[in-house]
1. Over chain A, what is the percentage of antiparallel beta bridges among all DSSP beta bridges, to the nearest 5?
2. Using only the Cα atoms of segment B:1-76, build the gyration tensor, take square roots of its eigenvalues as a ≥ b ≥ c, and label the shape rounded, prolate or oblate: rounded if a/c is under 1.5, else prolate if a/b is larger than b/c, else oblate.
3. Which of B:234, B:290, B:91 ends up with the largest GNM mean-square fluctuation for chain B, with Cα atoms connected below 10 Å?
4. Between 0 and 90 degrees, rounded to the nearest ten: what's the tilt of helix A:73-85 against the longest Cα principal axis of chain A?
5. What does the highest-first list of A:231-244, A:104-117, A:165-178, B:314-327 look like by mean Cβ count within 10 Å?
6. Calculate, in whole percent, how much of the Cα-Cα pair population of segment B:94-157 lies beyond 12 Å.
7. For the protein assembly as shown, report the translational diffusion coefficient in µm²/s to the nearest whole number, using Stokes-Einstein at 4 °C, 1.567 mPa s, and a Kirkwood Rh over Cα pairs.
8. Below 8 Å between Cα atoms, with a sequence gap of 6+, how large is the relative contact order for chain A in percent?
């Protein structure tokens, strides 16, 4: 009797001593990222990688981070499954094509958390997230309008709702800026759009930007992940606006402003929620108000008063006042799409397949 | 100056040349890793041991190698009769498109037990159709099949993009490119709780069949003669055109099957990220297998170990994703050299000055 109780006590003590340090410390959260391309791609994946670095800085020893580059659709399921089997607590899929493979893996590993960027499917342990880039587009357009650019050429990516929304927001901002700045303009044609039909295509980005410049457009709006259309504009002496990451950092010195994905704070938020056990799957779509986006520093040639006006509008976004798609808004044919005072719903925005008045160009099928 | 002279050496010598050169490519690469301040031994260990860590890990290598075996098989079939099919990538895409269209729109007209069969069958048809154009151009007007089949790759990819951006786009997909998910009845069944699908066994059976077809049948013999000595074939009055046509269509059909296997087994929809170069990797696999269909699965598995192992290296050692491609290039070069030196000898000849 006595022997067994001593034995039990000593086992208990042993277990306690071994596990006590683990209690004292917070559990280290293992986080994995599947990336679309290489971390130095100057665009989408660089933006994600900047977020990863931010996460490591903020959380330090509390996280253990791993990532895999060039995870294309054909390999995505293997990469996710591998991380899940290794016991990663949170797995991020950072591009659209990761959605379905992730969903499949998430169902087999119900105790781990999955987060997917830019899609629309969720599950009990899988959430998705995205940034309201159109807010930043609106600001960039507003700045261009205030400065009097009335014949912008946009090198757009894929003809799907996300870029279409961006083009519309940019054009609405541009029109607002032109009006406030008292500039004369043609209300039918302030922003001409050409399509890459790809997310990145450095050769065509350059060619299309050069074509737009030779047709006399006064500002190039880069929308691809890579800064090549801005670089082409700089070479020809035409200003440009960067997209996704700060194009000026990659040699496009003529860039007036870049709109930047800012994923870091969201990564930190998810890790903290998982640590605290409060994480719930949701379709998270936020903008400046949640710090999901930032703007680069202005180019010195942007007048101070323009900068101040843009920053004042930015402040409104930060406080959650998002009035980009408030009517009256007309489409290219002049039909009233949004009645005065009404606002487009998120569902309308996510399925947007029409262009606002002021955009020249069509949505190819 | 240095010239190459033909020579005959024993098999053991050939094999030792091969191992020496492949080993040296690993040594050179190790040097690069060393300068990057990474431990090459640890990295090689990770590449070559992780796939054998457990059955699941190895199953992933098999999964990765399945399309590669098929595209390699496709290239190899054409090579055996003396043709170069560089259009495997495009034929793969067409196979995937045909499979997808059937899976999305026509399954309702057939009983569900036949869906998978038809979906795979149409991938064969799609691939064969895309290989029909280059071979008919070759047979009718002697247009080089290397060029025409290569150029058709780009046409196929643009066609596919048009389809999933346009008419085939998932109506419920928020405008994202890509078709809807296929009905479950066309998904390739997966085995043993891994992602290995029955496609693997179909592929291996086809390869065995082809091997015995070449070896045991008169037609197989004719094919070998045409491939290795077209003049002799002409002299023997073989019906060359028919066989060239049939073999090239078969080659295309196998490429198409690779596409079908990818969409039905891995993606389960048609979307971006299908045409990622399996067609071109197939050329490498066929070349490394030295036209021998039985070696093809082994070579493909070796290449897949490199690819899958490299992913592990990436996530553990934070090496760039491009580094496997460098290693692959080294190994291929070493192999080329080994092949050359086992047939030729490098000799120094004195040049006589006048």
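1. Numbers: 8 of 50 bridges.
Antiparallel bridges make up about 15 percent of those DSSP assigns within chain A.
2. The shape class here is oblate.
3. Of B:234, B:290, B:91, the most mobile in the Gaussian network model is B:234.
4. So the helix axis and the longest Cα principal axis differ by about 30 degrees.
5. A:165-178, A:231-244, A:104-117, B:314-327
6. 69
7. Taking Rh from Cα pairs, D becomes 45 µm²/s.
8. 17
Throughout, read-outs are computed from the coordinates displayed, never taken from laboratory work. From a predicted model like this one, the values you see are computed outputs, not experimental measurements. Backbone-built Cβ (ideal geometry, glycine too); neighbour counts: all protein chains shown.
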